[in-house]
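*Asks:* Just passing along the structure, written as structure tokens.
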Amino acid sequence: MAFPLLFLCYFFLVTIPFSSSASHKNQLSLDYYKKTCPKFQQTVAELVYSKQSTTPSTAPGVLRLFFHDCITDGCDASILISSNGYMKAERDADLNLSLSAEAFDLILKIKNALELTCPGVVSCADIMAQSTRDLIKMVGGPYYTVPLGRKDSLSSNASKVDAALPKPDFTMDKIIEKFTSKNFTVREMVALTGGHTIGFTHCKEFAHRIFGFSKTSQVDPTMNPKLVEGLKKLCANYTKDPSMSAFNDMRSPGKFDNAYYQNVLHGLGLLSSDSLLGRDPRTKPIVEQYAKDQNAFFQDFAKAMEKLEVLGVKTGKGGEVRQRCDQFNNMVPTI
């Protein structure tokens with residue numbers, strides 16, 4: 001049902017520059033491909049619909065892929081680049097090794113389709129931004145605008161990932177610092193974290209909370225006991241099978257809603273950072289609001305995504321339109 005709504009929305013978009021103090025952001029527009037690739041949005045929508053219908057894990061996978069790309073060195077598709085003899089790319093950094101293969105597959109499929117109809121025109125960065133929005137809307141999330149005209153990066157460096165991404169075992173001070181360093185407010189951070197309402201987390205990421213938590217307690221006392229009981233059974237062999245995972249939101253894992261915040265307040269978050277979000281005085285009031293008011297969450301999430309999607313974008317000679325999303329047009333990258 002979501003696909004026809006998305007499809008109709010495209011016909012009502014008008015050309016407006018994306019307002020920002022940075023000139024490269026002002027070069028983005030909603031109908032950037034109106035003349036050069038008029039079926040861009042339709043092609044993306046159709047392939048997104050097909051992929052998500054057959055592989056429900058696609059939406060959370062692409063959302064995570066997009067966040068990891070943007071927060072590291074800007075929304076420039078640098079995370080899609082494969083490592084080669086000259087450099088170790090972002091996708092091979094330890095924190096990115098668990099990114100969804102289905103997410104990479106969707107972006108490459110869309111790129112291949114567009115190269116047949118309008119070769120050398122559409123950037124992989126724009127495909128990622130558009131696909132993320134379409135998938136969020138398809139699984140029940142809010143609609144937000146996606147200005148286009150990003151160029152793909154000329155470099156991809158694995159060493160930048162560790163310094164950029166927040167980690168599950170961070171203190172709240174460290175988590176907040178990671179976001180504020182990118183000019184996001186605490187409220188925007190809490191809203192973006194709501195993306196955890198879809199998808200899953202590998203057992204190894206929260207195993208320390210349910211197996212040998214401390215000298216005085218085998219489990220994290222902030223976790224719901226029934227959740228711990230279920231996770232212990234589910235993740236019993238996680239050391240032998242690193243692919244074992246649990247849904248972030250066990251009540252509605254495939255639906256983008258505000259259940260994540262309700263779960264956090266009841267000790268049902270998987271990650272330590274989830275627990276902190278519901279207890280820290282800087283974030284708890286926001287979590288409580290979103291848990292009660294889904295519209296407030298949707299509005300703030302949409303605004304935060306509109307801010308994230310233009311973070312560090314490359315335009316003009318600051319980037320290129322790759323022929324293939326996983327490699328630079330010139331094999332030797334810009335360092």
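The values are calculated or read from the model by the stated rules, or taken from the named source; none is laboratory data. Since we're looking at a predicted model, the values are computed, not measured. Positions of Cβ are generated from backbone atoms using ideal geometry, with glycine treated the same way; all protein chains shown enter the neighbour counts. We work out accessible area using only protein heavy atoms, side chains counted, and drop any ligands, DNA or RNA first. Shrake-Rupley method; radii C 1.70, N 1.55, O 1.52, S 1.80 Å.
*Asks:* Quickly run through the stretch 207-239 and pick out the residues that are in contact with an Asp or Glu (Cβ under 9 Å, 6 or more places away or on another chain) and crowded, with 16+ Cβ neighbours inside 10 Å.
*Replies:* Once the filter is applied, which keeps residues that are in contact with an Asp or Glu (Cβ under 9 Å, 6 or more places away or on another chain) and crowded, with 16+ Cβ neighbours inside 10 Å, the stretch 207-239 yields ARG209, ILE210, PHE213, VAL228.
*Asks:* Does VAL146 count as in contact with a Lys or Arg (Cβ under 7 Å, 6 or more places away or on another chain), surrounded by 17 or more Cβ atoms within 10 Å (Cβ to Cβ), within 21 Å of CYS325 (Cβ to Cβ) and in contact (Cβ under 8 Å) with a residue 60 or more places away in the chain?
*Replies:* In short, yes.
*Asks:* Taking GLN289, is it more than 20 Å from the chain's Cα centre (by Cα), within 26 Å of LYS137 (Cα to Cα) and either in a helix (DSSP H, G or I) or modelled with pLDDT under 95 (or both)?
*Replies:* So GLN289 passes the test.
*Asks:* Right, next: Considering only the stretch 79-131, state which residues are in a loop (DSSP other than H, G, I, E, B) and over 16 Å from PHE328 (Cα atoms).
*Replies:* ALA93, LEU97, SER98, LEU99, SER100, CYS118, listed by residue number.
*Asks:* If I filter the stretch 304-317 for residues that are modelled with pLDDT under 95, open to solvent by 60 Å² or more (accessible area, probe 1.4 Å) and over 20 Å from LYS167 (Cβ atoms), do I get at least one hit?
*Replies:* So far as the stretch 304-317 goes, yes, one or more of its residues are modelled with pLDDT under 95, open to solvent by 60 Å² or more (accessible area, probe 1.4 Å) and over 20 Å from LYS167 (Cβ atoms).
*Asks:* Oh, and also: Among the residues of the stretch 308-335, which ones are within 14 Å of ARG150 (Cα to Cα) and either among the charged types (D, E, K, R) or touching a Gly at 6+ places or on another chain (Cβ under 7 Å) (or both)?
*Replies:* GLU309, LEU311, GLY312, VAL313, LYS314, THR315, LYS317, GLU320, VAL321, ARG322
*Asks:* Restricting to the stretch 246-298, what's the tally of residues that are among the hydrophobic types (A, V, I, L, M, F, W, C) and touching a strand residue (DSSP E or B) at 6+ places or on another chain (Cβ under 8 Å)?
*Replies:* Number satisfying all stated conditions: 4.
Yes/no per residue for (1) in contact (Cβ under 8 Å) with a residue 40 or more places away in the chain; (2) among the acidic types (Asp, Glu); (3) closer than 17 Å to HIS196 by Cα; (4) out of contact with any helix residue (DSSP H, G or I) (no Cβ under 6 Å at 6 or more places or on another chain):
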site: LEU268; (1), (2), (3), (4): yes, no, yes, no
site: VAL287; (1), (2), (3), (4): yes, no, yes, no
site: GLU306; (1), (2), (3), (4): yes, yes, no, yes
site: LYS314; (1), (2), (3), (4): yes, no, no, yes
site: GLY319; (1), (2), (3), (4): yes, no, no, yes
site: PHE328; (1), (2), (3), (4): yes, no, no, yes
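*Asks:* Cβ-Cβ below 8 Å, separation at least six or inter-chain, first residue in the stretch 26-46 and assigned to a loop (DSSP other than H, G, I, E, B), second open to solvent by 30 Å² or more (accessible area, probe 1.4 Å) and modelled with pLDDT of 95 or more: which pairs?
*Replies:* These pairs meet every condition: LEU30/THR145; TYR33/GLN41; TYR33/VAL121; THR36/VAL121; CYS37/THR117; CYS37/VAL121; LYS39/THR117.
*Asks:* Continuing with this model, one more query. Please name all residue pairs, on different chains or six or more residues apart, with Cβ atoms under 6 Å, provided the first residue is in the stretch 100-123 and is buried (at least 20 other Cβ atoms within 10 Å of the Cβ) and the second residue is outside any helix (DSSP H, G or I) and acidic (Asp, Glu).
*Replies:* Listed pairs, sorted by first residue: SER123/ASP152.
*Asks:* Now a separate question. What's the number of the condition ARG133 fails, among (1) modelled with pLDDT under 95; (2) over 18 Å from GLN327 (Cα atoms)?
*Replies:* All conditions are met except number (1).
Results for (1) farther than 14 Å from ILE71 by Cβ; (2) charged (D, E, K, R); (3) in contact with a strand residue (DSSP E or B) (Cβ under 8 Å, 6 or more places away or on another chain); (4) at pLDDT 95 or above, shown as yes or no for each residue.
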| site | (1), (2), (3), (4) |
| --- | --- |
| VAL161 | no, no, no, yes |
| LYS167 | no, yes, no, no |
| ILE175 | no, no, no, yes |
| THR185 | yes, no, no, yes |
| VAL190 | yes, no, no, yes |
| GLY195 | no, no, no, yes |
| GLY199 | yes, no, yes, no |
| HIS202 | yes, no, yes, no |
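*Asks:* Please go through (1) over 15 Å from the mean Cα position of the chain (by Cα); (2) modelled with pLDDT of 95 or more; (3) of a type in the set (S, T, N, Q) for ASN84 and return the number of the only condition it doesn't satisfy.
*Replies:* That leaves (2) as the condition not met.
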